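Worksheet: the structure to be examined is printed underneath.
The values are calculated or read from the model by the stated rules, or taken from the named source; none is laboratory data. Predicted, not measured: the structure shown is a model, and the values here were computed from it. Positions of Cβ are generated from backbone atoms using ideal geometry, with glycine treated the same way; all protein chains shown enter the neighbour counts. Calculation scope for accessible area: heavy atoms of the full protein, side chains included, ligands and nucleic acids excluded. Shrake-Rupley method; radii C 1.70, N 1.55, O 1.52, S 1.80 Å.
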Amino acid sequence: MRDILALGAAMGGVGASFGAIATASGLPNWAVVAMSAIVFAGGAQFMAVGLLSAGSPLAAVFGGLLINSRHLPFGLALENAFGDRLWHRLLGSHLMTDEAVAFALAQPPGAPRRRAFWLAGITVFVSWNAGTLVGMLVGSAAGDPAVLGLDAAFPAGLLALVLPSLRDRGTRAAVLLGVLIAVFTTPLLPAGLPVLLALAGLIVFAWPTG
């Protein structure tokens, strides 16, 4: 719970930056609030604001779908972490973020995994939307999240969560290959594609070992 609250505080800071940047870009207040509540995808929201302000709404929609396509394997990996009822699955799908998935998969299946997912998902949702509202109200005062290093909160938090898994040599090799693919393709491809291509690092598990 301590780790989840710390992550929630970081998300609130990034959400405040999003609210300020979206407002400064000319989006109406209702659209800023609706985007954080309905879309609820940090990277996709920042990208969408930039594309919308540039007059490319279709590119914003396509880019958001591309970036969030990683949620398909996330949903398969979580299995029954949402709960058995339909409304549990619908709400859980909306609350699914990288952080909530990482916290959930760090726990054994069953009640511990379900508890971790819902605690992380609800905390991130509340802090992100509260931060968005604060940032929207203060306008451009929050500035660019990169100035204070808040943009590093996402990768730093996820790195800390996956470090225990790196004890396995095969996992380390898959991660290294995925990182190299993402780094070298980022300058060449649209946002989101390098992350998807990084999944090719999983081929190391199919490579003959003997």
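Summary of values
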| item | result |
| --- | --- |
| Part-to-part distance (alpha-carbon centres) for region 81-110 and region 43-64, which is given in Å | 27 Å |
| Accessible area (Å², per residue) of region 1-135, counting only protein heavy atoms and a probe of 1.4 Å | 48 Å² |
| Gain in span if fully extended, Trp30 to Arg169, counting 0.36 nm per residue against the direct Cα distance | 45.2 nm |
| Net +/- balance of residues flanking Leu91 in space, Cβ distance below 14 Å, scoring K and R +1, D and E -1 | +2 |
| Principal axis box of region 1-106, alpha-carbon based, largest edge first, Å | 41, 31, 21 |
